[in-house]
Amino acid sequence: MKSWKKVALAGASVLAIATLAACGNSASGSKTTSSSSSSTKVDPTSVKGTLTLWVDPANVASYKTLVSGFEKEYTNVKVTVQQSPTGSANAKQDVSKDPSKAADVFKVPNDQLGAMAQAGYINPLSPDATAWVKANDIAIAGTAVTWKGQMYAYPQDQQSNVIFYNKAKFSTAPSAWTDFTAGKVIGTDFTNSYNWYPAFLSNGTYLYGKDGETLTGTNANTAPGLEVMKWFAAQNSNPGVKQSGSALLADLQSGKTAAVLDGPWDAANIQKFLGSNFGVTTLPTIDFGSGAKQMQAFSGVGTLAVNSASKYQVAASALAEYLSNDASQMELYKDNGAIPVSTKNQTNSTIAADPVAQAVIKQVQSDTLMPKMPEMATFWTLAAPMIQNTEAGKIPASQYQAQLDKFVAGISKATN
């Protein structure tokens, strides 16, 4: 899934994590995942409606297969699966153009839920659906879809950056940034704030407070933030760090780099060209100037939300829940590499044997969950150029404090 990556680049919400780019074979036929664990005891045949579902282009085939199973159970509901107009990374933007014409159910990264709830595009889940999510999914998934004390979407998958490396270049998985850059080169993309804003969080600052919901709770313009700015600037002259940008995978494949900072959406492609030398591990520690700190990433959760303007609320909710249950999550993992968030699936033997899934699951424990503040759109717009220009040496050290003050002030203004 390239959507989390796309958001930071496009200046809309990262995570947005559209869904993973197709990592496996497209599904075919139909698969019934059963609603036996549904939050409601309503007879599926009594539910009626004509629905539209928006998902990312790479995943349309997989969802069509799952929808076929849904329609066999919900015989009076017809679903049309369509590509999201501009990708799930831009779900809020697409829905806002005309909610009455938008899909009844749509894929959306968790960091857009606050803005969509505030705008009235989505409604809180019912008490039964809320209880179902809590019982079905891991705790962080429930937190990811919760805004102002209420859940607004159904969790499906989780994302986090990790490190992919060439085992031919490293005898063991490095645990420190300096181990990756000493005599070897790691590729990354400093233009993507999804990748690198978490450096501020790693060094002890907060984004919208400890709870991620406090408008004036960002403190990147403090001493730890200044250390991170200096560290960014130092990477420009670090021979062990390459600003690969869009050539991230090409550089790794050609041997220009020995490792890359990336996410599970690229895992399948990397596995193909590294073969038996494919390695993956959690993020390393980094010393920004005051001792080694565990590097964090933004943890993101892909979700399905129900359009508040849908004429078929019961049917839409049933579809979103069905596509988020244990079996559906597992099918999406097999087809697209989307790492499931259901408690049952996270201990599944197939997931346990997948080094990429295990690296992400482990990394998430150290991560900061992407905030759901409506102001996140402003955050993405302002964070990217600040980080990029600092690393590129376009901002002199004498202006670091002013830049951080301007950034914090900008993202702390309430969005109407």
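Label separation (Ala182 vs Ala392): 3.2 nm, computed from points 7 Å beyond Cα along the C-beta direction.
Among the listed options (1) 122; (2) 168; (3) 136, the one matching volume of the Cα convex hull per residue in Å³ as calculated from these coordinates is (1). Measuring with a 1.4 angstrom probe and ignoring ligands and nucleic acids, Tyr154 comes out at about 10 Å² accessible.
With charges only on Cβ, +1 for K and R and -1 for D and E, what is the dipole size of region 134-222 about its Cα centre, in debye, rounded to 20? Spell out each step's value before the answer.
Numbers: 6 positive and 6 negative charges, 40 e Å.
The calculation lands at about 200 debye.
The listed residues Val81, Val360 rank as Val81, Val360 when sorted by accessible area, largest first, using a 1.4 Å probe. Taking all protein chains together and rolling a 1.4 Å probe, Asp287 ends up with roughly 90 Å² accessible.
Name the residues of region 42-66 whose amide N is less than 14 Å from a point 7 angstrom out from the Cα of Lys97 along the C-beta direction? The answer is 54-55.
Which trypsin sites (Lys or Arg not before Pro) from region 146-206 combine a DSSP loop assignment with at most 13 other Cβ atoms within 10 Å?
Working: sites: Lys148, Lys167, Lys169, Lys184; in loops: Lys148, Lys167, Lys169, Lys184.
Here the trypsin sites (Lys or Arg not before Pro) that fit, given the DSSP loop and packing criteria, are Lys148.
Every helix of 4 or more DSSP H residues in the chain counts as -39500 (n - 2.57), and over all residues that averages to -10500 deg cm²/dmol at 222 nm.
Average accessible surface for region 177-312: 35 Å² per residue, computed with a 1.4 Å probe over protein heavy atoms with every protein chain in place. Applying Stokes-Einstein at 20 °C and 1.002 mPa s to the Kirkwood radius of region 318-376, computed over alpha-carbon pairs, gives a translational diffusion coefficient of 168 µm² s⁻¹.
Per residue, region 96-151 exposes an accessible area of 40 Å² to a 1.4 Å probe, with every protein chain left in place. Working value for region 194-347: equivalent-ellipsoid semi-axes of 34, 26, 13 Å, each the square root of 5 times a Cα gyration tensor eigenvalue, largest first.
Please report, in cubic angstrom per residue, the volume enclosed by the convex hull of the alpha-carbon atoms of region 266-345. Kindly include the intermediate steps, with their values, before the conclusion.
Values: hull volume 14.1 nm³, N = 80.
For region 266-345, the hull spanned by Cα atoms encloses 176 Å³ per residue.
The packing ranking of peptides 265-278, 377-390, highest mean first, is 377-390, 265-278, where packing means the average number of other beta carbon atoms within 10 angstrom of each residue.
With the full set of protein chains in place, find how many percent of the accessible area of the chain is carbon and sulfur; take the probe as 1.4 Å. List each step's numbers first, then the result.
Details: 7780 of 15570 Å².
Its accessible area is 50 percent carbon and sulfur atoms.
Note on region 245-388: Lys pairs 8 or more places apart or on different chains, Cα atoms under 17 Å apart, count 4.
The values are calculated or read from the model by the stated rules, or taken from the named source; none is laboratory data. A quick note: this is a predicted structure, and the numbers were derived from the prediction, not measured. All Cβ positions, glycine included, derive from the backbone under ideal geometry; neighbour counts span all protein chains shown. Surface areas here come from the heavy atoms of the whole protein model, side chains and all, with no ligands, DNA or RNA. Shrake-Rupley method; radii C 1.70, N 1.55, O 1.52, S 1.80 Å.
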